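Colleague: First the structure, then my questions, so here it is.
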Amino acid sequence: MKMRNWLLPEYIEDVLPAEAARIETLRRTILDLFKVHGYQYVIPPMLEYMESLITGAGHDLDIATFKVVDQLTGRLMGVRADMTPQAARIDAHLLNQQGVTRLCYAGSVLRTKPDGLAQTREPLQVGAELYGHAGVESDIEIQSLLINALQAMGITEVHMDFSHVAVFGSLIKSSQIAPQLEQALYAALQSKDQTAVAALAQGLDKTTREALINLTTLNGDQTILAKAAQVLPRTPDIQNALADLATVGNALTQMNVSVSFDLSELRGYHYHSGIVFSAYAQGYKGPLALGGRYDEVGLTFGRARPATGFSLDLRGVVTALPAIEATAAIFAPADAEPTLTVKIASLRAEGHVVVQAFPGEHVNLEELNCDRELSHFNSGWHVVAIKKN
């Protein structure tokens, strides 16, 4: 009989036992950390109507979302590509609490194109969101929670990079720049193309033109904020943004975390409303996690609330962690003797992995990863090391 190769779609992979076990262990660790910080766990659905999935998130999330037609209603639905809008919907529409709400989640999302550390179309997204507080203190709480989560996964030397979308937004607003030019300037700033920015800003007033050109060079350590205060217009929005960035930088430096600032970084410009940040660590080619403030997303659900949060792809983070050995198991023989059953149950209750053979089974202890076995002597069952040949 001819064997058929069953192939998965590109950038869609099975997660095999060793990696799956590690992902699940870290998932539990992170969710337990979120829980003791007051973040309540929610499980949004995989499918929603497109309107709620991409609300306020802009064009990028729309093109990243797989779309299907609902056979019951004929309406267009999407497979979630990001759980943040879902959490915002739950806060605004279902919970409807008046005070601060803290939510967290962990689940697979599906994207039309691969991205992130794992270059997969099915990341395992883990995140935390805080609603109902507009001050920089809640930004710091979210950022500190992210750092604690990464440290709980064994990533000790974390670097945080910050920006603030209000800096660019203030320049756009004060000069009443047309949407088409705004988008072109946004793209040029993202690539730090000073020549392109200068050419695009040629028709703008001198103050705005020079400020936009300066944005391409305003990246580095905390001294950049002082330089920015000197070369950027002293509008209230820019002054408040720089002050918030300084406060965040000082707070995280006290946690022994290195920080940097890049005022031309406009990731999620049409989605975020304040501070945006990325977490990095040595040994990783890209950001471990992304986050920021997004105060207007809940408006579509009937209640715009101050909001800040972060998310990370747990599968991507695990791919760069040092390998660890799988948990060794205890082998138990195929014996229905009651005291053996009791002993096995006792060992499993203590957290040991016990694999019992079936009658007549040919056992490969190496495949089972067994380094000990249950042996009967002295009127009882005892765990002993397996002698290697």
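Colleague: Which whole-number percent gives the relative contact order of segment 21-122, counting Cα pairs below 8 Å spaced six or more residues apart?
Modeller: Numbers: 121 pairs, mean separation 30.7, N = 102.
Rounded, it is 30 percent for segment 21-122.
Colleague: Multiplying the sequence separation of Ser174 and Lys113 by 0.36 nm and subtracting their Cα-Cα distance, what value in nm do you get? Intermediate values should be presented prior to the final figure.
Modeller: Numbers: separation 61, 0.36 × 61 = 21.96 nm, distance 3.65 nm.
That pair, Ser174 and Lys113, stretches by 18.3 nm at full extension.
Colleague: Let me ask something additional. Can you find, among Val100, Val259, Leu212, the residue sitting farthest towards the positive end of the charge dipole of the chain, where Lys and Arg contribute +1 and Asp and Glu -1 at Cβ?
Modeller: Value: Leu212.
Colleague: Under 14 Å from the Cβ of Leu181, count the other residues' Cβ atoms, weight Lys and Arg +1, Asp and Glu -1, and hand me the total. Don't jump to the answer; show the numbers that get you there.
Modeller: Numbers: positive: Lys173, Arg209; negative: Glu182, Asp205.
With Lys, Arg at +1 and Asp, Glu at -1, the net is 0.
Colleague: If you don't mind, another one. Of the candidates Thr327, Thr101, Thr216, which one comes out as most mobile in a Gaussian network treatment of the chain with C-alpha springs shorter than 10 Å?
Modeller: Fluctuation is largest for Thr327.
Colleague: Mind checking which of Val136, Val79, Val353 has the largest fluctuation in a GNM of the chain, springs on alpha carbons under 10 Å?
Modeller: Taking springs between Cα atoms under 10 Å, the residue moving most is Val353.
Colleague: Nothing charged except the Cβ atoms of Lys and Arg (+1) and of Asp and Glu (-1): what's the magnitude of the dipole of the chain about its Cα centre? Round to the nearest 20 debye. Spell out each step's value before the answer.
Modeller: Values: 31 positive and 42 negative charges, 58 e Å.
Charge dipole, the chain, about its Cα centre: 280 debye, nearest 20.
Colleague: Dipole of segment 154-291, Cα-centred, from +1 at each Lys and Arg C-beta and -1 at each Asp and Glu C-beta, to the nearest 20 debye? Write out the running numbers ahead of the final one.
Modeller: Details: 8 positive and 11 negative charges, 35 e Å.
The calculation lands at about 160 debye.
Colleague: Roughly how many nanometres apart are two label points built 7 Å out from the Cα toward the Cβ at Ile43 and Glu366?
Modeller: 4.0
Colleague: Can you check what the net charge comes to around Asp221, using other residues whose Cβ is under 14 Å from the Cβ of Asp221 (Lys, Arg +1; Asp, Glu -1)?
Modeller: Details: positive: Lys227; negative: Asp161, Asp262.
The answer is -1.
Colleague: Compute the FRET efficiency between Val353 and Thr235 as 1/(1 + (r/R0)^6), taking r as their Cβ-Cβ distance and R0 = 56 Å, and round to the nearest 0.05. Mind showing how you got there, number by number?
Modeller: Values: r = 62 Å, r/R0 = 1.10.
Approximately 0.35, to the nearest 0.05.
Colleague: Relative to the longest principal axis of the chain, what angle (0 to 90°, nearest 10) does the C-alpha long axis of helix 165-175 take?
Modeller: 20
Colleague: Turning to a different aspect of this structure: What lysines sit close enough to Lys388 to cross-link, taking a C-alpha to C-alpha distance under 29 Å and skipping anything fewer than 8 places away on the same chain?
Modeller: List returned: Lys343.
Colleague: Got a sec? Charge dipole of the chain, +1 on Cβ for Lys and Arg, -1 for Asp and Glu; which of Gln194, Trp6, Ile147 is way out at the positive end?
Modeller: So the residue we want is Gln194.
Colleague: At 0.36 nm per residue, and after removing the present C-alpha to C-alpha distance, how many nm does the segment from His270 to Leu181 gain when stretched out fully? Don't skip to the end; give the middle numbers.
Modeller: Details: separation 89, 0.36 × 89 = 32.04 nm, distance 1.45 nm.
In short, 30.6 nm is gained.
Colleague: Add +1 for every Lys or Arg and -1 for every Asp or Glu among the other residues with Cβ under 13 Å from the Cβ of Arg111, and state the total. Working shown, then result.
Modeller: Working: positive: Lys67, Arg80, Lys113, Arg121, Arg315; negative: Glu10, Asp60, Asp62, Asp82, Asp115, Glu122, Asp313.
Result for the neighbourhood of Arg111: -2.
Colleague: Still on this structure, please answer the following. Relative to the longest principal axis of the C-alpha atoms of the chain, give the angle of the C-alpha long axis of helix 17-36, reported between 0 and 90° and rounded to the nearest 10°.
Modeller: 60
Colleague: Quick check on the chain: helices-only [θ] at 222 nm, where DSSP H runs of length 4 and up contribute -39,500 (n - 2.57) each and the sum goes over total residues. Nearest 500, please.
Modeller: Working: 13 runs with 137 residues, N = 389.
So the calculated ellipticity at 222 nm is -10500 deg cm²/dmol.
Colleague: Next up: Could you tell me the center-to-center distance, by alpha carbons, between segment 231-251 and segment 346-382 in angstrom?
Modeller: Spelled out, the Cα-based centre of one part sits 62 Å from the other.
Colleague: Sticking with this one: Once the piece of chain linking Asp60 and Glu137 is laid out straight, how much longer is it, given 0.36 nm per residue of separation minus the C-alpha distance between them?
Modeller: That pair, Asp60 and Glu137, stretches by 24.8 nm at full extension.
Colleague: Expressed as a whole number of Å, what is the distance separating the alpha-carbon centroids of segment 256-296 and segment 308-330?
Modeller: Cα centroid of segment 308-330 versus Cα centroid of segment 256-296: 22 Å apart.
Colleague: If you don't mind, there's one more thing I want to ask. At Lys67 and Ala20, where each label point lies 7 Å from the Cα along Cα→Cβ, what is the point-to-point distance in nanometres?
Modeller: Inter-label distance under the simple model: 3.4 nm.
Colleague: Can you find, among Ala349, Asn364, His376, the residue farthest towards the positive end of the dipole of segment 329-385? Put +1 on the C-beta of Lys and Arg, -1 on that of Asp and Glu.
Modeller: Farthest towards the positive pole: Ala349.
Colleague: Additional query: Compute the angle between helix 179-190 and the longest alpha-carbon principal axis of the chain, please, reported from 0 to 90 degrees and rounded to the nearest 10.
Modeller: Compared with the principal axis, the helix lies near 60 degrees.
Read-outs throughout are calculated quantities, based only on the coordinates presented, and are distinct from any laboratory measurement. All values derive from a computational prediction rather than experimental measurement. Cβ: placed from backbone, ideal geometry, glycine included. Neighbour counts: every protein chain shown.
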